[in-house]
Amino acid sequence: MIDLYYWTTPNGHKITMFLEEAGLDYKILPVNIGKGDQFKPDFLAIAPNNRMPAIVDHAPADGGKPISVFESGAILLYLAEKTGKFLPKDLRGQVEVKEWLFWQMAGLGPMAGQNHHFANYAPEKIPYAIDRYVKETNRLYGVLNKRLADRAFVAGDYSIADMAAYPWTVSHESQSQKLEDFPHLKRWFESIKARPATIRAYGKAKEINPQPAPMTEEQKKILFGQTAAVVSR
Ligand SMILES: N[C@@H](CCC(=O)N[C@@H](CS)C(=O)NCC(=O)O)C(=O)O
C-alpha cells in the first residue's frame, strides 16, 4: 500500500498516472495547498520542501520500515524501480528516459509554472516576465515536438518521462501555446490523454477537488511570497 500525498495539480497528476498505469494499491491523502496543508508538521516531516506530491511506501523492496519520497521525479523513479515498469531495463534505454525525466523536472515544469504565475496570478502584468516564460515554454514545446517526430513516446515505450511531461502540456492554452503548432506533440498528447489509466488519474482529481475555482486572495497569500519562515515555524 502506498500513501500518496496529493493535490490536483500537474505534479500531483504525474503520480496518479503512474499508480493507475501500474495498478498499485494506493490511498490518496489530500494536501490542499490553497489551505496551507503543505505546512503541517506531519507533512513537512516527509516533504521538507513544503511541496506535494510525496509518497510513503509501507512495503518497500528491502522489507524494512516504510520509505517516504518527495519530489515528483524521485517518486516516479522510485516507483518505476520498485515495480520494474515504465523504465527500460537496458542501460541505454534507461539513460534516455532519465534525460527526458530530468528535462521535464528542470525545464518544462519550472518554466511552464512561471508562465502560469506571471500570466494568471501575478498582481501586476509584467510584459517582460510574461514574454520570457511564454517564449521559453514555446521553445520547450518545440524541443519535445522535434523529439517526437520519429517516435511514439519520448524515450522508447511509454515511460515515466512521458508521465512527467504530459500533465504540463494539459494546460497549454493558459500557457499561450497552440498544439496545432506542434503536430508531433499533439499526436503524443492525444494518445496519452486517451489511455484508460490517464482517464482514471484525472478522474481521481475530480473526486478530490470537484469544483476547482479561481484562486482567492487568501489562497494567493498562502502560496506566493513564501520565505524561510514558512518551514521554520
Ligand atoms: N519539484 C517539485 C515541485 C512540486 C510543486 O511545485 N508542487 C506545488 C503544486 S504543483 C506545491 O505543492 N505547492 C505548494 C506551495 O507552493 O506551497 C516536484 O516536482 O515534486
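The values are calculated or read from the model by the stated rules, or taken from the named source; none is laboratory data. Just so you know, these numbers come straight off a predicted model, no measurement behind them. Glycine also receives a Cβ, built like all others from the backbone with ideal geometry; neighbour counts cover every protein chain displayed. Surface areas here come from the heavy atoms of the whole protein model, side chains and all, with no ligands, DNA or RNA. Shrake-Rupley method; radii C 1.70, N 1.55, O 1.52, S 1.80 Å.
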For the stretch 35-106, run through the trypsin sites (Lys or Arg not before Pro) and keep only the ones in DSSP coil with at most 14 other Cβ atoms within 10 Å of their Cβ.
LYS35, LYS89
What are the extents of the Cα atoms of the stretch 33-74 along their three principal axes, in Å, largest first?
35, 21, 13
Obtain the radius of gyration and the Kirkwood radius of the stretch 162-233 from its C-alpha atoms and give Rg over Rh.
1.09
Check cross-link reach from LYS65 to the lysines: straight Cα distance under 16 Å, and skip same-chain residues fewer than eight apart.
LYS82
For the chain, what % of the accessible area comes from carbon and sulfur atoms, probe 1.4 Å?
56 percent
Average accessible area per residue (Å²) across the chain - probe 1.4 Å, nucleic acids and ligands excluded
52 Å²
Enumerate the lysines that LYS135 could reach by cross-link, defined here as Cα to Cα under 21 Å, with residues fewer than 8 away along the same chain left out.
LYS125, LYS146, LYS178, LYS186
Gain on full stretching of the segment that runs from LYS221 to LYS27 - 0.36 nm per residue minus C-alpha separation
66.9 nm
Most fluctuating residue given options ILE67, ILE160, ILE130, as computed from a GNM of the chain linking Cα atoms under 10 Å
ILE67
Compute a Gaussian network model of the chain, connecting alpha carbons closer than 10 Å, and tell me which residue from GLU180, GLU96, GLU136 fluctuates the most.
GLU180
Have a look at THR216, THR83, THR137 and tell me which one the Gaussian network model of the chain (Cα, springs below 10 Å) gives the largest fluctuation.
THR216
Treating cross-link reach as a plain straight distance, find the aspartates and glutamates whose alpha-carbon is under 13 Å from the alpha-carbon of LYS14, omitting any fewer than eight places away in the same chain.
GLU71, ASP162
For the chain, count the residues as N, evaluate 2.2 N^0.38 Å, and divide the Cα radius of gyration by that value, please.
1.02
